[in-house]
Amino acid sequence: MRIAPVAVALALALSLAGDGPAPAQEPVWASSQDYDVPFVPTPPEVVAEMLRLAGVQAGDVLYDLGCGDGRIVVEAARRYGVRAVGIDIDPRRIAESKANAAKAGLAGRVRFLEQNLFEADLREATVVTLYLLSSVNLRLRPKLLTELKPGTRLVSHSFDMSEWRPDKTVVVTTDRGDERDVHLWIVPANVSGRWEWGQGRGADWKRCVLEADQMFQDVTVSAREGDWPLAAGEVSLSGPLFTFRLDVESEGRMQSSIYEGRVSGDTITGTVRPAGAARAAAVAWKAERDPKTAVSIAR
Ligand SMILES: C[S@@+](CC[C@H](N)C(=O)[O-])C[C@H]1O[C@@H](n2cnc3c(N)ncnc32)[C@H](O)[C@@H]1O
């Protein structure tokens with residue numbers, strides 16, 4: 001049976017989602033009504049898929065925002081050996097999380113902070129997990145896009161990010177037979193604005209300009225070489241990795257080049273090669289952006 005996010009939202013709001021017994025002693029709803037989201041734990045099989053989809057690996061630092069009883073944090077540290085941090089506004093959830101980490105013998109690898117997730121410092125995270133609500137995700141979205149490094153993987157159980165479409169969604173069937181969406185986003189670099197670089201040698205040297213419009217990870221570009229407009233295509237942005245194709249007409253023939261680079265602030269450093277040629281044929285390429293032309297992507 002598929003459970004629509006709206007049904008999960010309602011269940012969450014009423015604290016009635018059937019995710020197994022809540023470990024708290026008292027009725028969870030009675031104490032969590034002041035918080036943005038009540039405590040409802042993610043089923044273990046969904047936790048496993050969230051960590052798999054995020055591609056958690058050695059060296060990652062995972063943050064679970066609204067960590068509940070700490071199960072995602074504990075599983076990340078236990079299964080993948082990563083450092084993990086849980087943040088929850090409810091002191092009882094933090095106490096449970098610490099007890100669960102101690103029981104798993106992981107007290108040294110994990111940290112739990114009693115804090116409002118909207119005030120947490122997320123800059124060191126390389127993976128962020130969420131089981132909140134769509135409305136909370138939406139309020140959190142600008143902070144995620146501002147604070148998280150490009151390439152950070154963001155995984156949400158059930159709830160989406162509105163116009164920020166997931167890079168991937170998988171459906172997990174729980175042991176109880178209901179279906180849960182697990183969404184993955186890769187935090188994109190900001191590539192908006194006007195980029196310039198020089199191309200060609202001697203008398204053939206030309207200044208190239210690429211103008212990029214960006215909506216989250218979706219980018220459209222227009223380009224020119226000197227005064228000549230260039231056809232562009234195959235634009236892709238994944239975290240800090242920016243790729244596009246430019247077509248130049250030369251001696252009556254179309255020549256396509258593939259540009260691939262890593263964005264760091266106002267610089268892209270990478271390579272350019274003829275389309276279809278092996279990577280070994282690539283030569284170094286570097287583009288600079290006029291910082292005044294960049295537009296915030298933190299919507
Ligand atoms: C649906 S539970 C998710 C628990 C855990 N992440 C999981 O997936 O099993 C949401 C948690 O968010 C916490 N929470 C709600 N509002 C919060 C806020 N503003 N800051 C931090 N935690 C919050 C609640 O106390 C609750 O434990």
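Observations, loosely collected:
- Across the stretch 178-195, coupling constants 3J(HN,Hα) worked out from phi with the 6.51/-1.76/1.60 Karplus curve, θ = phi - 60°, read 9, 10, 10, 7, 10, 9, 10, 10, 9, 4, x, 6, 8, 10, 5, x, 9, 10 Hz, and Gly and Pro carry x.
- Our summary of shape: the Cα atoms of the stretch 220-283 have principal axis extents of 36, 28, 18 Å, ordered from largest down, in whole angstrom.
- Helix 91-103 and the longest principal axis of the Cα set of the chain meet at an angle near 90°.
- Gaussian network model of the chain, springs between alpha carbon atoms under 10 Å - residue of Pro150, Pro188, Pro274 with greatest fluctuation: Pro274
- For the chain, calculated [θ]222 nm from helices alone, where every DSSP H run of n ≥ 4 adds -39500 (n - 2.57): -6000 deg cm²/dmol
- A dipole drawn for the chain from +1 and -1 charges on Cβ atoms has a positive end, and of Val272, Thr42, Ile297 the residue lying farthest that way is Val272.
- Environment charge of Arg111, counting only residues whose C-beta is closer than 13 Å and scoring Lys/Arg +1, Asp/Glu -1: -2
- Options Gln255, Trp164, Leu145, ranked by Cα towards positive dipole end of the stretch 140-299, top entry (Cβ charges): Leu145
- Each eigenvalue of the Cα gyration tensor of the stretch 179-299, multiplied by 5 and square-rooted, gives one semi-axis; in descending order these are 27, 17, 13 Å.
- A dipole drawn for the stretch 70-123 from +1 and -1 charges on Cβ atoms has a positive end, and of Pro91, Ile72, Gln115 the residue lying farthest that way is Ile72.
- Spin-label model, Val295/Arg165: points 7 Å from Cα along the beta carbon direction are separated by 1.9 nm.
- Surrounding net charge for Ala280, when Lys and Arg each add one and Asp and Glu each subtract one, Cβ distance under 15 Å: +1
- Computed on the Cα trace of the chain, the radius of gyration divided by the Kirkwood hydrodynamic radius gives Rg/Rh = 1.08.
- Computed from the Cβ-Cβ distance with R0 of 35 Å, the FRET efficiency linking Thr173 to Ala107 stands at 0.55.
- Solvent-accessible heavy-atom area per residue, rounded to whole Å², over the chain at 1.4 Å: 48
- Estimated from the Cβ-Cβ distance and a Förster radius of 30 angstrom, the FRET efficiency linking Asp204 and Thr146 is about 0.10.
- Charged side chains reduced to their Cβ positions (Lys and Arg at +1, Asp and Glu at -1) give the chain a dipole of some 760 debye around its Cα centre.
- Between Glu124 and Ala95, the distance separating the two model label sites (each 7 Å from Cα on the Cα→Cβ line) works out to 2.7 nm.
- Packing around the peptides 74-82, 119-127, 197-205, taken as the average count of other Cβ atoms within 10 Å per residue, puts them in this order, highest first: 74-82, 119-127, 197-205.
- Leu113 long-range amide H proximity, modeled H, under 5 Å: Gly86, Ile87, Asp88
- Considering only Ala281, Ala232, Ala189, the Gaussian network model of the chain with Cα springs below 10 Å gives its largest mean-square fluctuation to Ala281.
- The length gained by stretching the chain between Thr269 and Glu251 to full extension, at 0.36 nm per residue less their Cα-Cα distance, is 3.6 nm.
- Under 15 Å, Cβ to Cβ, from Glu260 - net charge with Lys/Arg +1 and Asp/Glu -1: +4
The values are calculated or read from the model by the stated rules, or taken from the named source; none is laboratory data. Just so we're clear, the structure is a prediction, and the values are computed from it rather than from any experiment. Cβ: placed from backbone, ideal geometry, glycine included. Neighbour counts: every protein chain shown. Note: accessible area is taken over every heavy atom of the protein model, side chains too, but ligands, DNA and RNA are not part of it. Shrake-Rupley method; radii C 1.70, N 1.55, O 1.52, S 1.80 Å.
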